[in-house]
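Written below as structure tokens is the structure these notes are about.
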């Protein structure tokens, strides 16, 4: 039994020794192969939606962008508004909206609007418009009467082409 046990211990030690030899040999070869790899310059990354930049000459200036998603309409994709008047229309409607009292129970929104760091859900028809800050499902805001028509016209002109 003792002879058998010593043979097993010898085989285990031999196996470990051979494994270590192979491991160190492979490690040395892999280090040499890395030295032979040609360095390749990667293309620049595409900017994120909130980091869209316009470059003019050597100056880089940030362009304001409002992003609108039509909910449950995968064909429409995202709409990027960069026109100053369009952005002003959206911002004015948001800033002039009126907080509504009571408990909120809303259907799924028609649109999601990202304006700067804030995101809003939008419900709109010909006579009314409602927004809700993304993340605040307890409060809604109604558009003022003068904001409904310009927002409606903007949405129709952009999404009903």
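The values are calculated or read from the model by the stated rules, or taken from the named source; none is laboratory data. It should be emphasised that the depicted structure is a prediction, and the values quoted were computed from it without experimental measurement. Glycine also receives a Cβ, built like all others from the backbone with ideal geometry; neighbour counts cover every protein chain displayed.
Structure notes:
- Residue 32 more than 30 Å from residue 143 (Cα to Cα) and either surrounded by fewer than 11 Cβ atoms within 10 Å (Cβ to Cβ) or modelled with pLDDT of 85 or more (or both): yes
- Residues of region 87-105 classified as closer than 13 Å to residue 130 by Cβ and touching a strand residue (DSSP E or B) at 6+ places or on another chain (Cβ under 9 Å), total: 7
- Residue satisfying condition, being within 28 Å of the chain's Cα centre (by Cα) and assigned to a helix (DSSP H, G or I), within set 147, 157: 157
- Where strands (runs of 3 or more DSSP E) fall wholly inside region 55-135, the ranges with 1 or more residues that are assigned by TED's automatic domain parsing to the domain that holds residue 152 and modelled with pLDDT of 85 or more are 66-70, 78-81, 111-115, 118-124, 129-133.
- When residues of region 150-161 are limited to those that are buried (at least 17 other Cβ atoms within 10 Å of the Cβ) and in contact with a helix residue (DSSP H, G or I) (Cβ under 9 Å, 6 or more places away or on another chain), the one modelled with the highest pLDDT: 150
- Boolean, residue 152 is assigned by TED's automatic domain parsing to the domain that holds residue 67 and touching a residue at least 24 places away in the same chain (Cβ under 8 Å): yes
- Checklist (1) in contact (Cβ under 8 Å) with a residue 40 or more places away in the chain; (2) at positive phi applied to residue 112, failing item: (2)
- Given (1) surrounded by fewer than 18 Cβ atoms within 10 Å (Cβ to Cβ); (2) more than 19 Å from residue 70 (Cα to Cα), number of the condition residue 147 does not satisfy: (1)
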